[in-house]
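Taking it in order: structure first as structure tokens, then the write-up.
The values are calculated or read from the model by the stated rules, or taken from the named source; none is laboratory data. Bear in mind the structure is a predicted one, so any value in this text is a computation, not a measurement. Counting neighbours? That spans all protein chains shown, and the Cβs are built from the backbone with ideal geometry, glycine included. These accessible areas exclude ligands, DNA and RNA; they are computed on the full protein's heavy atoms, side chains included. Shrake-Rupley method; radii C 1.70, N 1.55, O 1.52, S 1.80 Å.
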Amino acid sequence: MKSNRKNNKIIKCPYCGRTAVLRDGSYVYGEKSRVDKLYVCSNYPECNAYVGVIPGTNIPKGTLADSELRNKRIKAHRAFDEIWKNKIMTRNEAYNWMKFQFGLTGEQAHIGNFSDYMCQKLIKESSIIIDNYKKVRY
Ligand SMILES: [Zn+2]
């Protein structure tokens, strides 16, 4: 996928092909939303796809995701973050490992852009590292 850093880029929903619209977090999460802004599929809620923005910007964190993929990405992040939170690697090293492991460029090495399949792979590879680390340690 080509990325385009222009401000007015049109973001399409990968599920239904409609345009995503920048909305307040409350549009999806209600009044108590702690999320500032989201790109939401214009067919929401029939199409339950959205993605947050990088704080303080209108730049999406990744591609729009449905609830299943959103959950997968959260799980993948959790598994991956264990690596640097346990100080097995620094955060930077962990990202470099991820890039190397999956042959990604820096631009691609964002879990927000990951597909279901890539999330699955990251969870698996991260847990191997963590299991090995625990075996050596205990
Ligand atoms: Zn959609």
What number goes with the only condition from (1) open to solvent by 50 Å² or more (accessible area, probe 1.4 Å); (2) within 16 Å of the ligand (Cβ to nearest atom) that Ala65 does not pass? (1)
May I ask you to verify whether Val21 is more than 12 Å from the ligand (Cβ to nearest atom), of a type in the set (A, V, I, L, M, F, W, C), without any contact (Cβ under 8 Å) to a residue 60 or more places away in the chain and not assigned by TED's automatic domain parsing to the domain that holds Gly112? no
Out of everything in the range 76-92 that is among the aliphatic types (A, V, I, L, M) and under 9 Å from Ile129 (Cβ atoms), what residue ends up being surrounded by the most Cβ atoms within 10 Å (Cβ to Cβ)? Ile83
Look through Tyr133, Tyr95, Tyr117 and report the one residue that is surrounded by fewer than 14 Cβ atoms within 10 Å (Cβ to Cβ) and assigned to a helix (DSSP H, G or I). Tyr117
Subset tally (residues that are away from the ligand (no atom under 16 Å from the Cβ), open to solvent by less than 80 Å² (accessible area, probe 1.4 Å) and part of a loop (DSSP other than H, G, I, E, B)) for the range 29-55: 4
